Each structure stands twice: as C-alpha cells, then as structure tokens.
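Read-outs throughout are calculated quantities, based only on the coordinates presented, and are distinct from any laboratory measurement. Predicted model, so just to flag it, every value in this text is computed and none were measured. Glycine gets a Cβ as well: all are built from the backbone with ideal geometry, and neighbour counts include every protein chain shown.
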Amino acid sequence: MKYELPELPYDYSDLEPYISGAIMELHHDKHHNAYVAGANQSLEQLEDARQKDDFGKINQLSKNYAFNFAGHVNHSLFWDNMAPTGQEAHGELLEAIRDQFGSLEIFKKQFSAVAAGVQGAGWAVLVWDALAKRLQIVQLFDHQANLALSLTPILLLDVWEHAYYLDYKNVRGDYINAWWNIINWEDANKRFTKVAVSL
Ligand code: MN
C-alpha cells in the first residue's frame, strides 16, 4: 500500500488571516507531499534490503522511514486539527483537560510553553497515553524522535547494556538471539488484537 497526500479539508486561503494561503499551498503541496514520497521511497528501499538480504544501511533506512512517515502522519492530523471557523473546546476532551491540567487556560499556557521551548525544528503535541491513561503534552524533535505517533508497543526488547551485560558482556547479538526463545507471544498477540479491534 502506498501512502497518498490527503486533500486539505478547506481551501488554501481559508485559514487567513491566521495562516496565509501562500504558506498553506507550499506547506501542503510541497512539504507534506515530500514526506509522502519519502515514506513510499523508504518502504521500497526496505523491501529491496529484504530481497537482497542486505541490511548494511538499516540505520539510515529506519531513520528515513520514521522521519518521512511521521511527517506524513503529523501533517495529516495537523490539517484536520484546524478549521476556518475557530471553535470552542468542548465535550469529553475539555473535561479531561480540566481534570488533568486544572483549566483550559492553564492547559493552553503549558502547551504554548512546550511549543515555544522546542529547540530547533519540531512539534508540540497533546497525546493520549493509552498505557498511562492520561493526556500528555510532548515535544517531538523533527517529526518523530524516531517514533511515529501512531505506534503502540506490541513487543519490546531492551538493548541497554544493563539488560544483558552481566550475562553476555559486550556480545549483544547473543543476547538478542537468546531472547527469541522467551517471547510471550500470547501477551503480544493480546495487545495487538486490542489495538486492531479498536481501529
Ligand atoms: Mn510542516
């Protein structure tokens, strides 16, 4: 499946005077489109690496995919996050914001501070942490910090040295090979099924 550039839900100039039509056209048609193309190209390169059994460039390929896919996801959400006619916060989200941040005003102040504090290129994002079951405001460096926002953990392997050094010293590969013998696939499958069902 190839990723595709979504249509904007409004015209380029509909967000004026807050964001100009010139910016929206460039941002959507050029920048977002480049992320879509980059994500598709990365998928092809990863498939090529599998075909050739050559994972020598896997670090760069992984970073390229994360960067471009996250750029595509973030912008798709960003466009839908905006509307020509501003609306008042309402509903369950407003209740949750008041509950966790104290008030909408305080939330806006924190979100603004998080956004202003991003060092270099990045995003401020309100996220629902499904495991902590709470809202969080996070900074994303670049688009992803090498993580896409849509990720839900299904199976995790800790490769910090503290997880294996006593047993395997510096030979991380042996630890990784050994780990495949002790997977709780039932747990992984249960989590995956939950996510898949909720989509
Ligand atoms: Mn952008």
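Remarks
- Options I58, G86, V73, ranked by Cα towards positive dipole end of segment 19-172, top entry (Cβ charges): I58
- Value of relative contact order over segment 91-195, rounded to a whole percent, pairs C-alpha under 8 Å and six or more apart: 16 percent
- Ratio of Rg to Rh for the chain: 1.02 [Cα atoms; Kirkwood radius as inverse mean 1/r over pairs].
- Most mobile of R172, R134, R50 in a GNM of the chain (Cα contacts under 10 Å): R172
- In this calculation the C-beta distance from K30 to K190 is compared with R0 = 45 Å, giving a FRET efficiency of 0.60.
- Dipole magnitude of the chain, debye to nearest 20 (Cβ charges: Lys/Arg +1, Asp/Glu -1, about Cα centre): 560 debye
- Since only V127, Q139, A96 are under comparison, the one whose Cα sits farthest along the positive direction of the charge dipole of segment 91-195, derived from C-beta charges on Lys, Arg, Asp and Glu, is A96.
- Cα-centred dipole magnitude for segment 17-71, charges only on beta-carbon of K, R (+1) and D, E (-1), debye, nearest 20: 160 debye
- Linear extension gain, D11 paired with A145, 0.36 nm per residue minus alpha-carbon span: 45.1 nm
- Gain on full extension, evaluated as 0.36 nm per residue between A83 and D158 minus their Cα-Cα distance, stands at 22.8 nm.
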